[in-house]
Amino acid sequence: MNAGQMNEELQPKLKEIRNYLIRLGASPSDAEDILQETVYKAFLYIDSIENGKFSAWLYRVAINRYYDLCRRKKWTMVPIDTMDIPDDNLPEDALLQQEKKEEVEAILRQLAPLHKQLLIMKYEMELPYQEIARLLGIRMEQVKASLYQARQQFKKKYGSGTT
């Protein structure tokens with residue numbers, strides 16, 4: 001892959017990866033730092049990245065950097081305040097919606113990292129199973145099975161009111 005091809009594939013993916021990192025719990029500035037490190041690594045290893053796997057490679061490097069950051073900081077930040085709440089609702093509705101989002105975020109934080117990733121990729125990013133499998137470097141059957149387990153864990157925790 002040459003630099004021109006890499007740039008064409010890189011630009012549309014950077015925003016997507018940045019949003020995904022923020023959704024996982026990175027602050028916007030940490031997400032930017034992770035992206036810069038990811039791009040730097042992409043330039044270093046450009047010759048060894050397989051043509052059809054560039055996007056998955058970027059995701060994998062960014063996710064690994066995010067987990068490195070979490071291990072160093074020993075905490076995970078979830079930017080709940082960056083979520084948009086529609087202004088046309090009554091104040092009570094906005095408050096209830098915010099409380100529900102906080103509850104969902106608290107439950108997501110309790111799930112295994114893979115389960116959290118799968119739920120976000122499937123239901124927030126609306127990615128198909130094949131794309132999720134390709135990005136995470138796992139078989140589609142494993143995506144389906146793990147996503148089922150993630151949904152079951154989420155339902156159990158959400159139903160019990162444990163946050």
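The values are calculated or read from the model by the stated rules, or taken from the named source; none is laboratory data. Quantities reported herein were computed from a predicted structural model and do not represent experimental measurements. Neighbour counts run over all protein chains shown; Cβ positions are idealised from the backbone, glycine included. Side chains included, ligands, DNA and RNA excluded: accessible areas come from the protein's heavy atoms. Shrake-Rupley method; radii C 1.70, N 1.55, O 1.52, S 1.80 Å.
Residue by residue, what Karplus-based ³J(HN,Hα) values in Hz, rounded to whole numbers, does the stretch 123-131 have, using 6.51, -1.76 and 1.60 with θ = phi - 60° and x for Gly and Pro?
My calculation for the stretch 123-131 gives 9, 9, 7, 6, 7, x, 3, 4, 5 Hz in order.
Evaluate the distance, in nm, between pseudo-label points positioned 7 Å from the Cα of GLU124 and of ASN19 along their respective Cα→Cβ axes.
With each label point 7 Å from Cα toward Cβ, the separation is 1.1 nm.
Take the Cβ-Cβ distance between ARG60 and GLN97 as r, set R0 to 30 Å, and report the resulting FRET efficiency rounded to the nearest 0.05.
Working: r = 34 Å, r/R0 = 1.14.
For ARG60 and GLN97, the calculated efficiency is 0.30.
Just to make sure I understand: if all protein chains stay in place, what is the order of PHE54, PHE43 by accessible area at 1.4 Å, largest first?
PHE43, PHE54
In the structure shown, do any of LYS41/LYS156; LYS41/LYS157; LYS13/LYS155; LYS15/LYS53; LYS53/LYS144; LYS41/LYS144 have a Cα-Cα gap over 28 Å, and if so which?
Long pairs (Cα-Cα over 28 Å): LYS41/LYS156; LYS41/LYS157; LYS13/LYS155; LYS41/LYS144.
Mind checking the per residue accessible area of the stretch 1-71 for me, 1.4 Å probe, whole number of Å²?
52
If I ignore ligands, DNA and RNA and count only protein heavy atoms, how much of TYR123 is accessible to a 1.4 Å probe, in Å² to the nearest 10?
120
So how exposed is ARG139, as accessible area in Å² (1.4 Å probe, rounded to 10)?
That residue has around 150 Å² of solvent-accessible surface.
If you take the square roots of the eigenvalues of the alpha-carbon gyration tensor of the stretch 118-157 and sort them as a ≥ b ≥ c, do you get rounded (a/c under 1.5), prolate (a/b over b/c) or oblate?
oblate
Which FRET efficiency value, to the nearest 0.05, is calculated for TYR45 and GLU105 with the Förster distance at 30 angstrom and r the Cβ-Cβ distance?
With R0 = 30 Å, the Cβ-Cβ based efficiency is 0.30.
Please give the peptides 28-38, 100-110 ranked by average Cβ packing (other Cβ atoms within 10 Å per residue), highest first, as a rough proxy for protection.
Values: 28-38: 17.3, 100-110: 14.6.
The packing order, highest mean first, is 28-38, 100-110.
Taking 0.36 nm per residue of separation and subtracting the Cα-Cα distance, what length does fully extending SER160 through TYR67 add?
On the way: separation 93, 0.36 × 93 = 33.48 nm, distance 2.87 nm.
Contour length minus the Cα-Cα distance gives 30.6 nm.
Compare TYR20, TYR129 by solvent-accessible area with a 1.4 Å probe and give them largest first, with all protein chains kept in place.
Order by accessible area, largest first: TYR129, TYR20.
Taking the simple approach of a point 7 Å from Cα along Cα-to-Cβ for both SER27 and MET140, what is their distance in nm?
4.1
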